[in-house]
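Let me begin by presenting the structure, written as structure tokens, before commenting on it.
The values are calculated or read from the model by the stated rules, or taken from the named source; none is laboratory data. Owing to the predicted nature of the structure, the values given are computational and were not obtained by experimental measurement. Backbone-built Cβ (ideal geometry, glycine too); neighbour counts: all protein chains shown.
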């Protein structure tokens, strides 16, 4: 293929949308140009999302073509109202809203973002007719984006890559806002059909890759490629602060929901305050990010224990807040499929070189943390073990740096090179 390969990135989660899931594609388009690939982006004009982060827009390369198509979704506020009505004490009004929400979830399959597809597919069809792109990469979730696959495959000579930031099977069975019997049935039928359209598939973890190959045996092993998430050295200011001397700060950055529930950690903090109240008073635990309503009850009464909920923090401020911590935190609760997941934030934590407290079931994340010597690794609901680890750190807080090993492979610039190889291979496969 020509070195100036033209790649269209289809990504609902793209700046100014905020949150960790945005980084994989925004960092990819930032560095693809240096790898001989000219990226363009097809994204949503009016995203129905909980978070917006305008600081991410400034990172996009100058001259990047971004096509924004409108979605027919209601606002996120309307979605949240429907979700809250389902969980709140029933009233006639709430029952009506809940019934409408349930009906919508049964109809809008595989997810609510399917309402973006009419405009997205129209915009994509225009580009395909004009031969604007050599290869198309669609990244999910939302996995309704994969519905562009038949349209791309029908245009002979255009390569198609489907990118799994998360695992679709887990997404439709374990995540609060997307799991339902209808979503499961639709996904079970759609996923293999759409995968058959792809020239290549990329996954964020090797465990995702192996599960895909196990459940969809028609996939060719050499055309399913693991490309992990990573860190961008350019995100780290040269003058990051040190932690304070008067207390021990533990910080988590990311959304708190069922998969990342901190119930074990909060139980350990309560246990530590009962056993060692004087020592425990030196502990400050900060949560940077959104806490979904289903997890908020876990935090009741924890303010008095030094726990702070600081809400969403723009990405350009997160690393400063994490650096001003003695230890950072990475969470996965005991949820089906969690053994194949690691949060994207773990790579930014490892490059920060603060010890990481990893609370997760045995699996992809725990192996990653041990392989790179990131810090303490414990089961997420082992309150006694977590309390003991916190006590040990409180008694010996001087070690402020960790020494993670072999992490250069996760540099976003290197990962863009790996994506470029897959994009070229997919474009070449489409020519045959």
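Structural remarks
- Criterion violated by residue 146 - all others in (1) touching a strand residue (DSSP E or B) at 6+ places or on another chain (Cβ under 7 Å); (2) closer than 17 Å to residue 14 by Cα; (3) in contact (Cβ under 8 Å) with a residue 60 or more places away in the chain satisfied: (3)
- You will find that of 369, 416, 389, the residue that is touching a residue at least 24 places away in the same chain (Cβ under 8 Å) and outside the structural domain of residue 350 (by TED's automatic domain parsing) is 416 and no other.
- Some residue of region 254-272 being in contact with a strand residue (DSSP E or B) (Cβ under 9 Å, 6 or more places away or on another chain) and part of a strand (DSSP E or B): yes
- Taken together, the residues in region 217-246 that are modelled with pLDDT under 95 and assigned to a loop (DSSP other than H, G, I, E, B) amount to 11.
- Put simply, of 318, 313 the only residue that is touching a strand residue (DSSP E or B) at 6+ places or on another chain (Cβ under 7 Å), in contact (Cβ under 8 Å) with a residue 12 or more places away in the chain and in a helix (DSSP H, G or I) is 318.
- Complete set of residues in region 200-222 that are in contact (Cβ under 8 Å) with a residue 60 or more places away in the chain and within 21 Å of residue 431 (Cα to Cα): 200, 202
- Members of region 54-74 that are farther than 14 Å from residue 27 by Cβ, assigned to a loop (DSSP other than H, G, I, E, B) and in contact with a helix residue (DSSP H, G or I) (Cβ under 7 Å, 6 or more places away or on another chain): 70, 71, 72, 73
- Test: residue in region 356-365 that is part of a helix (DSSP H, G or I) and in the same structural domain as residue 262 (by TED's automatic domain parsing): yes
- Residue in region 88-96 that is surrounded by fewer than 18 Cβ atoms within 10 Å (Cβ to Cβ) and either modelled with pLDDT of 85 or more or under 24 Å from the mean Cα position of the chain (by Cα) (or both) present: no
- Selected residue [more than 21 Å from the chain's Cα centre (by Cα) and part of a helix (DSSP H, G or I)] from 348, 384, 339: 384
- Here residue 335 clears all of (1) touching a helix residue (DSSP H, G or I) at 6+ places or on another chain (Cβ under 7 Å); (2) in contact (Cβ under 8 Å) with a residue 24 or more places away in the chain; (3) surrounded by fewer than 20 Cβ atoms within 10 Å (Cβ to Cβ); (4) farther than 21 Å from residue 253 by Cβ except the condition numbered (4).
- Within region 125-140, the residues that satisfy the criterion of being outside any strand (DSSP E or B) and either in contact with a strand residue (DSSP E or B) (Cβ under 6 Å, 6 or more places away or on another chain) or at pLDDT below 95 (or both) are 133, 134.
- Among the residues listed as 29, 22, the single one being in the same structural domain as residue 131 (by TED's automatic domain parsing), farther than 20 Å from residue 152 by Cβ and not in a strand (DSSP E or B): 22
- Within region 275-291, considering residues that are touching a residue at least 60 places away in the same chain (Cβ under 8 Å) and in a loop (DSSP other than H, G, I, E, B), the one farthest from residue 16 (Cα to Cα): 276
- Single residue of region 292-306 satisfying the filter (assigned to a helix (DSSP H, G or I) and touching a residue at least 40 places away in the same chain (Cβ under 8 Å)) that is surrounded by the most Cβ atoms within 10 Å (Cβ to Cβ): 294
- Residue check for residue 246: surrounded by fewer than 15 Cβ atoms within 10 Å (Cβ to Cβ), in contact (Cβ under 8 Å) with a residue 60 or more places away in the chain and in the same structural domain as residue 367 (by TED's automatic domain parsing): no
- Residue match in region 172-192 (condition: part of a strand (DSSP E or B) and at pLDDT 95 or above): no
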